[in-house]
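A short write-up of the structure that comes next.
The values are calculated or read from the model by the stated rules, or taken from the named source; none is laboratory data. Quick caveat: nothing in here was measured; it's all calculated off a predicted structure. Cβ placement follows ideal geometry from the backbone for every residue including glycine, while neighbour counts extend to all protein chains displayed.
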Ligand code: NAI
(Lines give C-alpha, C1' and ligand atoms only; values in the text may rest on other atoms or scores of the structure.)
Protein backbone atom coordinates (compact mmCIF):
# COMPACT_ATOMS: atom_id res chain seq x y z
CA UNK A 1 0.00 0.00 0.00
CA UNK A 2 1.14 3.58 -0.66
CA UNK A 3 1.62 5.58 2.53
CA UNK A 4 2.64 9.21 2.97
CA UNK A 5 4.47 9.99 6.22
CA UNK A 6 4.24 13.48 7.71
CA UNK A 7 6.57 15.10 10.30
CA UNK A 8 9.11 12.44 9.41
CA UNK A 9 12.53 12.64 11.09
CA UNK A 10 15.63 10.93 9.65
CA UNK A 11 16.20 9.01 12.92
CA UNK A 12 12.95 7.07 12.28
CA UNK A 13 13.99 5.61 8.92
CA UNK A 14 16.24 2.77 10.12
CA UNK A 15 13.39 1.45 12.27
CA UNK A 16 10.76 1.66 9.51
CA UNK A 17 13.15 0.08 6.97
CA UNK A 18 13.44 -3.00 9.20
CA UNK A 19 9.75 -3.10 10.21
CA UNK A 20 8.66 -2.79 6.57
CA UNK A 21 11.06 -5.46 5.23
CA UNK A 22 8.43 -8.16 4.72
CA UNK A 23 5.35 -6.01 3.99
CA UNK A 24 7.17 -3.74 1.50
CA UNK A 25 4.66 -0.91 1.76
CA UNK A 26 5.50 1.97 -0.57
CA UNK A 27 6.43 4.69 1.92
CA UNK A 28 6.99 8.32 0.91
CA UNK A 29 8.59 10.34 3.71
CA UNK A 30 7.76 14.03 4.17
CA UNK A 31 9.55 16.13 6.80
CA UNK A 32 6.75 18.71 6.55
CA UNK A 33 4.09 18.80 9.24
CA UNK A 34 0.58 18.03 8.06
CA UNK A 35 -1.37 21.29 7.75
CA UNK A 36 -4.01 22.69 5.41
CA UNK A 37 -1.11 23.79 3.15
CA UNK A 38 0.66 20.40 3.03
CA UNK A 39 -2.40 18.11 3.01
CA UNK A 40 -2.17 18.03 -0.80
CA UNK A 41 0.88 15.77 -0.41
CA UNK A 42 -1.57 13.05 0.64
CA UNK A 43 -3.28 13.05 -2.78
CA UNK A 44 -3.37 9.51 -4.20
CA UNK A 45 -2.37 7.85 -0.92
CA UNK A 46 -4.97 5.58 0.72
CA UNK A 47 -3.12 5.91 4.02
CA UNK A 48 -1.04 8.53 5.77
CA UNK A 49 1.09 8.26 8.88
CA UNK A 50 1.22 11.16 11.38
CA UNK A 51 2.86 12.29 14.59
CA UNK A 52 1.74 14.52 17.49
CA UNK A 53 3.08 17.59 15.69
CA UNK A 54 0.63 17.17 12.79
CA UNK A 55 -2.65 19.04 12.54
CA UNK A 56 -5.64 16.71 12.31
CA UNK A 57 -8.52 19.13 12.81
CA UNK A 58 -11.83 19.12 10.90
CA UNK A 59 -10.43 21.23 8.06
CA UNK A 60 -7.43 18.98 7.41
CA UNK A 61 -9.44 15.75 7.83
CA UNK A 62 -11.98 16.99 5.26
CA UNK A 63 -9.15 17.76 2.83
CA UNK A 64 -7.62 14.32 3.39
CA UNK A 65 -10.90 12.58 2.54
CA UNK A 66 -11.27 14.71 -0.60
CA UNK A 67 -7.75 13.57 -1.61
CA UNK A 68 -8.77 9.89 -1.22
CA UNK A 69 -7.22 9.10 2.18
CA UNK A 70 -9.02 6.30 4.03
CA UNK A 71 -6.69 5.69 6.98
CA UNK A 72 -4.63 7.84 9.33
CA UNK A 73 -2.06 5.76 11.22
CA UNK A 74 -0.73 7.70 14.20
CA UNK A 75 2.87 7.07 15.25
CA UNK A 76 1.90 8.01 18.79
CA UNK A 77 -0.14 6.81 21.73
CA UNK A 78 -1.81 10.18 22.37
CA UNK A 79 -4.61 11.24 20.00
CA UNK A 80 -5.88 14.44 21.65
CA UNK A 81 -4.78 16.34 18.51
CA UNK A 82 -7.27 14.44 16.29
CA UNK A 83 -10.87 15.60 15.79
CA UNK A 84 -12.27 12.10 16.27
CA UNK A 85 -15.92 13.16 15.95
CA UNK A 86 -15.18 14.67 12.54
CA UNK A 87 -13.17 11.61 11.44
CA UNK A 88 -16.11 9.39 12.36
CA UNK A 89 -18.52 11.58 10.41
CA UNK A 90 -16.22 11.46 7.38
CA UNK A 91 -15.71 7.69 7.63
CA UNK A 92 -11.96 8.22 8.00
CA UNK A 93 -10.34 5.51 10.11
CA UNK A 94 -7.79 6.41 12.79
CA UNK A 95 -5.38 3.89 14.31
CA UNK A 96 -2.54 4.46 16.80
CA UNK A 97 0.26 2.79 18.73
CA UNK A 98 -1.38 2.42 22.15
CA UNK A 99 1.77 1.36 24.02
CA UNK A 100 5.33 1.17 22.77
CA UNK A 101 7.50 1.66 25.82
CA UNK A 102 6.00 2.84 29.07
CA UNK A 103 9.56 2.50 30.45
CA UNK A 104 10.85 5.25 28.14
CA UNK A 105 8.47 7.91 29.48
CA UNK A 106 8.46 6.72 33.12
CA UNK A 107 12.26 6.67 33.21
CA UNK A 108 12.40 10.16 31.70
CA UNK A 109 10.07 11.44 34.43
CA UNK A 110 12.39 9.91 37.03
CA UNK A 111 15.36 11.52 35.25
CA UNK A 112 13.70 14.93 35.63
CA UNK A 113 13.09 14.28 39.35
CA UNK A 114 16.72 13.31 39.97
CA UNK A 115 18.13 16.20 37.93
CA UNK A 116 15.89 18.78 39.66
CA UNK A 117 16.47 17.43 43.15
CA UNK A 118 20.27 17.15 42.90
CA UNK A 119 20.53 20.18 40.54
CA UNK A 120 22.52 18.20 38.03
CA UNK A 121 21.84 20.79 35.30
CA UNK A 122 23.47 23.49 37.44
CA UNK A 123 26.30 21.28 38.70
CA UNK A 124 27.21 20.29 35.13
CA UNK A 125 27.65 23.93 34.09
CA UNK A 126 29.46 24.83 37.30
CA UNK A 127 32.06 22.07 36.99
CA UNK A 128 32.69 22.98 33.35
CA UNK A 129 33.70 26.44 34.63
CA UNK A 130 35.94 24.76 37.25
CA UNK A 131 33.66 26.01 40.01
CA UNK A 132 33.59 23.09 42.42
CA UNK A 133 31.66 24.83 45.20
CA UNK A 134 28.48 23.14 46.44
CA UNK A 135 26.40 26.11 47.62
CA UNK A 136 22.88 25.98 46.25
CA UNK A 137 23.20 22.33 45.16
CA UNK A 138 21.75 20.65 48.26
CA UNK A 139 19.08 18.06 47.49
CA UNK A 140 16.91 15.75 49.58
CA UNK A 141 16.70 11.97 49.97
CA UNK A 142 13.94 10.52 47.82
CA UNK A 143 13.69 7.73 50.39
CA UNK A 144 10.55 8.27 52.52
CA UNK A 145 9.21 11.15 50.41
CA UNK A 146 5.57 11.01 49.30
CA UNK A 147 5.00 10.79 45.56
CA UNK A 148 1.58 11.49 44.05
CA UNK A 149 0.86 9.87 40.69
CA UNK A 150 -1.98 11.24 38.59
CA UNK A 151 -2.93 8.53 36.09
CA UNK A 152 -1.83 4.97 36.78
CA UNK A 153 -2.14 3.40 33.33
CA UNK A 154 0.80 1.91 31.42
CA UNK A 155 3.29 4.70 32.17
CA UNK A 156 2.04 5.63 35.67
CA UNK A 157 2.31 1.99 36.75
CA UNK A 158 5.95 1.70 35.62
CA UNK A 159 6.71 5.06 37.26
CA UNK A 160 5.15 3.75 40.52
CA UNK A 161 7.35 0.66 40.40
CA UNK A 162 10.53 2.74 39.99
CA UNK A 163 9.64 5.18 42.75
CA UNK A 164 8.82 2.29 45.05
CA UNK A 165 12.41 1.16 44.49
CA UNK A 166 13.60 4.50 45.90
CA UNK A 167 11.62 3.81 49.08
CA UNK A 168 8.94 6.46 48.46
CA UNK A 169 5.38 6.43 49.81
CA UNK A 170 3.05 6.27 46.82
CA UNK A 171 -0.30 7.99 46.45
CA UNK A 172 -2.38 7.96 43.28
CA UNK A 173 -5.44 9.45 41.72
CA UNK A 174 -7.10 7.74 38.76
CA UNK A 175 -10.82 7.17 38.10
CA UNK A 176 -9.77 3.55 37.36
CA UNK A 177 -7.88 1.72 40.09
CA UNK A 178 -5.02 -0.34 38.65
CA UNK A 179 -4.80 -3.58 40.67
CA UNK A 180 -1.09 -3.89 39.83
CA UNK A 181 -0.52 -0.55 41.57
CA UNK A 182 -2.61 -1.55 44.57
CA UNK A 183 -0.42 -4.68 44.84
CA UNK A 184 2.66 -2.41 44.84
CA UNK A 185 1.25 -0.60 47.86
CA UNK A 186 -0.03 2.48 46.01
CA UNK A 187 -2.68 4.25 48.07
CA UNK A 188 -5.54 5.59 45.89
CA UNK A 189 -6.87 8.87 47.31
CA UNK A 190 -8.98 11.80 46.18
CA UNK A 191 -7.20 14.45 44.13
CA UNK A 192 -7.35 17.04 46.92
CA UNK A 193 -5.71 14.64 49.38
CA UNK A 194 -2.98 13.83 46.86
CA UNK A 195 -2.33 17.57 46.37
CA UNK A 196 -2.11 18.12 50.12
CA UNK A 197 0.17 15.18 50.95
CA UNK A 198 2.56 14.76 48.02
CA UNK A 199 6.12 16.12 47.98
CA UNK A 200 6.42 15.18 44.30
CA UNK A 201 3.50 15.07 41.85
CA UNK A 202 3.94 13.34 38.49
CA UNK A 203 1.33 13.56 35.74
CA UNK A 204 0.62 10.45 33.65
CA UNK A 205 -2.99 11.01 32.56
CA UNK A 206 -4.19 11.79 29.02
CA UNK A 207 -5.30 15.26 27.96
CA UNK A 208 -9.11 15.24 27.98
CA UNK A 209 -11.74 17.90 28.75
CA UNK A 210 -11.51 16.65 32.37
CA UNK A 211 -7.75 17.02 32.65
CA UNK A 212 -7.37 20.29 30.69
CA UNK A 213 -5.68 22.78 33.09
CA UNK A 214 -6.12 20.33 35.96
CA UNK A 215 -3.01 21.87 37.57
CA UNK A 216 -4.44 25.39 37.93
CA UNK A 217 -4.29 28.07 40.65
CA UNK A 218 -6.87 26.27 42.77
CA UNK A 219 -4.99 22.96 42.62
CA UNK A 220 -1.64 24.65 43.27
CA UNK A 221 -3.03 26.36 46.37
CA UNK A 222 -3.71 22.97 47.95
CA UNK A 223 -0.17 21.68 47.37
CA UNK A 224 2.68 21.70 49.88
CA UNK A 225 5.04 24.68 49.66
CA UNK A 226 8.14 23.54 47.78
CA UNK A 227 6.28 20.81 45.87
CA UNK A 228 7.95 19.26 42.83
CA UNK A 229 5.71 18.92 39.74
CA UNK A 230 6.66 16.69 36.82
CA UNK A 231 4.71 16.69 33.57
CA UNK A 232 5.52 14.13 30.88
CA UNK A 233 1.87 13.70 29.82
CA UNK A 234 0.49 16.60 27.77
CA UNK A 235 1.25 20.30 28.13
CA UNK A 236 -2.30 21.55 28.56
CA UNK A 237 -2.85 19.45 31.69
CA UNK A 238 -1.00 22.34 33.32
CA UNK A 239 -2.17 25.97 33.30
CA UNK A 240 1.26 27.44 32.55
CA UNK A 241 0.37 31.00 33.64
CA UNK A 242 -0.77 29.77 37.07
CA UNK A 243 2.36 27.67 37.39
CA UNK A 244 4.60 30.65 36.59
CA UNK A 245 2.86 32.65 39.33
CA UNK A 246 3.46 29.82 41.81
CA UNK A 247 7.11 29.59 40.75
CA UNK A 248 7.54 33.34 41.30
CA UNK A 249 6.01 33.11 44.80
CA UNK A 250 8.24 30.05 45.40
CA UNK A 251 5.23 27.90 46.25
CA UNK A 252 6.41 25.46 43.59
CA UNK A 253 9.92 24.31 44.52
CA UNK A 254 10.75 22.42 41.32
CA UNK A 255 9.17 21.97 37.91
CA UNK A 256 10.12 19.37 35.30
CA UNK A 257 8.40 19.53 31.93
CA UNK A 258 8.73 17.33 28.88
CA UNK A 259 5.60 18.81 27.34
CA UNK A 260 4.28 22.34 27.02
CA UNK A 261 0.85 23.76 26.19
CA UNK A 262 2.05 25.63 23.11
CA UNK A 263 4.76 23.17 22.09
CA UNK A 264 3.50 22.86 18.49
CA UNK A 265 5.30 26.09 17.54
CA UNK A 266 8.55 25.09 19.26
CA UNK A 267 9.30 21.44 19.82
CA UNK A 268 10.92 18.96 17.44
CA UNK A 269 12.65 21.73 15.44
CA UNK A 270 16.07 23.40 15.70
CA UNK A 271 15.21 27.02 16.49
CA UNK A 272 18.63 27.85 17.92
CA UNK A 273 19.18 30.77 15.53
CA UNK A 274 15.62 32.12 15.82
CA UNK A 275 14.09 34.57 18.29
CA UNK A 276 11.54 32.77 20.46
CA UNK A 277 8.25 34.66 20.25
CA UNK A 278 6.52 32.78 23.07
CA UNK A 279 6.99 34.98 26.17
CA UNK A 280 5.42 32.45 28.53
CA UNK A 281 7.90 29.79 27.46
CA UNK A 282 10.74 32.30 27.68
CA UNK A 283 9.73 33.19 31.27
CA UNK A 284 9.63 29.52 32.25
CA UNK A 285 13.22 29.15 31.10
CA UNK A 286 14.44 31.87 33.46
CA UNK A 287 13.83 29.86 36.65
CA UNK A 288 16.80 27.94 38.04
CA UNK A 289 14.47 25.28 39.44
CA UNK A 290 12.76 24.47 36.12
CA UNK A 291 14.00 21.87 33.64
CA UNK A 292 12.32 21.61 30.25
CA UNK A 293 12.96 18.91 27.68
CA UNK A 294 11.38 19.02 24.22
CA UNK A 295 8.94 16.07 24.30
CA UNK A 296 11.65 13.43 24.31
CA UNK A 297 10.12 11.11 26.91
CA UNK A 298 9.27 8.54 24.23
CA UNK A 299 12.66 8.81 22.56
CA UNK A 300 14.46 5.51 23.17
CA UNK A 301 15.68 2.90 20.71
CA UNK A 302 13.21 0.30 22.00
CA UNK A 303 10.29 2.74 21.78
CA UNK A 304 11.13 3.69 18.18
CA UNK A 305 11.48 0.01 17.24
CA UNK A 306 8.04 -0.73 18.71
CA UNK A 307 6.42 2.34 17.15
CA UNK A 308 7.66 1.22 13.71
CA UNK A 309 6.64 -2.44 14.19
CA UNK A 310 3.15 -1.65 15.50
CA UNK A 311 2.54 1.04 12.85
CA UNK A 312 3.44 -1.40 10.06
CA UNK A 313 1.22 -4.06 11.70
CA UNK A 314 -1.64 -1.53 11.80
CA UNK A 315 -1.09 -0.83 8.07
CA UNK A 316 -0.91 -4.57 7.25
CA UNK A 317 -4.20 -5.13 9.07
CA UNK A 318 -5.87 -2.32 7.09
CA UNK A 319 -4.62 -3.89 3.83
CA UNK A 320 -6.27 -7.14 4.94
CA UNK A 321 -9.60 -5.40 5.55
CA UNK A 322 -9.20 -5.25 9.34
CA UNK A 323 -8.58 -2.48 11.87
CA UNK A 324 -6.17 -2.90 14.75
CA UNK A 325 -5.68 -0.31 17.50
CA UNK A 326 -8.48 1.87 16.16
CA UNK A 327 -9.50 5.02 18.03
CA UNK A 328 -13.08 6.23 17.64
CA UNK A 329 -15.09 9.11 19.03
CA UNK A 330 -17.09 8.13 22.12
P1 LIG B 1 -2.87 4.89 29.59
O2 LIG B 1 -4.12 5.07 28.81
O3 LIG B 1 -2.29 3.54 29.76
O4 LIG B 1 -3.10 5.50 31.08
C5 LIG B 1 -3.70 6.72 31.33
C6 LIG B 1 -4.36 6.64 32.71
O7 LIG B 1 -4.88 7.92 33.01
C8 LIG B 1 -5.51 5.64 32.76
O9 LIG B 1 -5.36 4.75 33.85
C10 LIG B 1 -6.74 6.54 32.93
O11 LIG B 1 -7.76 5.93 33.72
C12 LIG B 1 -6.13 7.72 33.65
N13 LIG B 1 -6.95 8.92 33.62
C14 LIG B 1 -7.89 9.29 32.70
N15 LIG B 1 -8.49 10.43 33.08
C16 LIG B 1 -7.92 10.78 34.26
C17 LIG B 1 -8.13 11.86 35.16
N18 LIG B 1 -9.07 12.79 34.93
N19 LIG B 1 -7.37 11.91 36.27
C20 LIG B 1 -6.44 10.96 36.53
N21 LIG B 1 -6.21 9.92 35.72
C22 LIG B 1 -6.95 9.83 34.60
O23 LIG B 1 -1.82 5.90 28.95
P24 LIG B 1 -0.24 5.87 29.09
O25 LIG B 1 0.32 5.04 28.01
O26 LIG B 1 0.13 5.57 30.50
O27 LIG B 1 0.12 7.38 28.73
C28 LIG B 1 -0.26 8.46 29.58
C29 LIG B 1 -0.04 9.75 28.84
O30 LIG B 1 1.34 9.98 28.64
C31 LIG B 1 -0.61 9.75 27.39
O32 LIG B 1 -1.98 10.06 27.35
C33 LIG B 1 0.22 10.81 26.73
O34 LIG B 1 -0.45 12.04 26.88
C35 LIG B 1 1.51 10.82 27.53
N36 LIG B 1 2.66 10.37 26.75
C37 LIG B 1 3.76 11.17 26.70
C38 LIG B 1 4.88 10.81 25.97
C39 LIG B 1 6.11 11.65 25.95
O40 LIG B 1 6.96 11.44 25.07
N41 LIG B 1 6.27 12.58 26.86
C42 LIG B 1 4.87 9.57 25.19
C43 LIG B 1 3.70 8.75 25.37
C44 LIG B 1 2.62 9.17 26.10
Going through the range 273-305 one residue at a time, which ones are within 26 Å of residue 75 (Cβ to Cβ) and in a helix (DSSP H, G or I)? 281, 301, 302, 303, 304, 305
Scan the range 280-291 residue by residue and report those that are surrounded by 13 or more Cβ atoms within 10 Å (Cβ to Cβ) and within 11 Å of residue 121 (Cα to Cα). 289, 290, 291
Going by what's in this entry, would residue 153 be described as within 16 Å of the ligand (Cβ to nearest atom) and either in contact (Cβ under 8 Å) with a residue 12 or more places away in the chain or within 21 Å of the chain's Cα centre (by Cα) (or both)? yes
Does residue 309 satisfy the criteria of being under 24 Å from residue 31 (Cβ atoms), assigned by TED's automatic domain parsing to the domain that holds residue 81 and at pLDDT 95 or above? yes
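Quick check on my filter: what residues within the range 20-50 are touching a residue at least 40 places away in the same chain (Cβ under 8 Å) and crowded, with 21+ Cβ neighbours inside 10 Å?
Once the filter is applied, which keeps residues that are touching a residue at least 40 places away in the same chain (Cβ under 8 Å) and crowded, with 21+ Cβ neighbours inside 10 Å, the range 20-50 yields 45, 47, 48, 49, 50.
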Residue that is in the same structural domain as residue 285 (by TED's automatic domain parsing) and buried (at least 22 other Cβ atoms within 10 Å of the Cβ), where the choices are 205, 181: 181
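Return a yes/no flag: does the range 24-39 have any residue that is part of a helix (DSSP H, G or I) and either under 19 Å from residue 264 (Cβ atoms) or out of contact with any strand residue (DSSP E or B) (no Cβ under 7 Å at 6 or more places or on another chain) (or both).
yes
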Restricting the search to the range 285-301, which residues are touching a residue at least 40 places away in the same chain (Cβ under 8 Å), more than 10 Å from the ligand (Cβ to nearest atom) and touching a strand residue (DSSP E or B) at 6+ places or on another chain (Cβ under 8 Å)? 287, 289, 290, 291
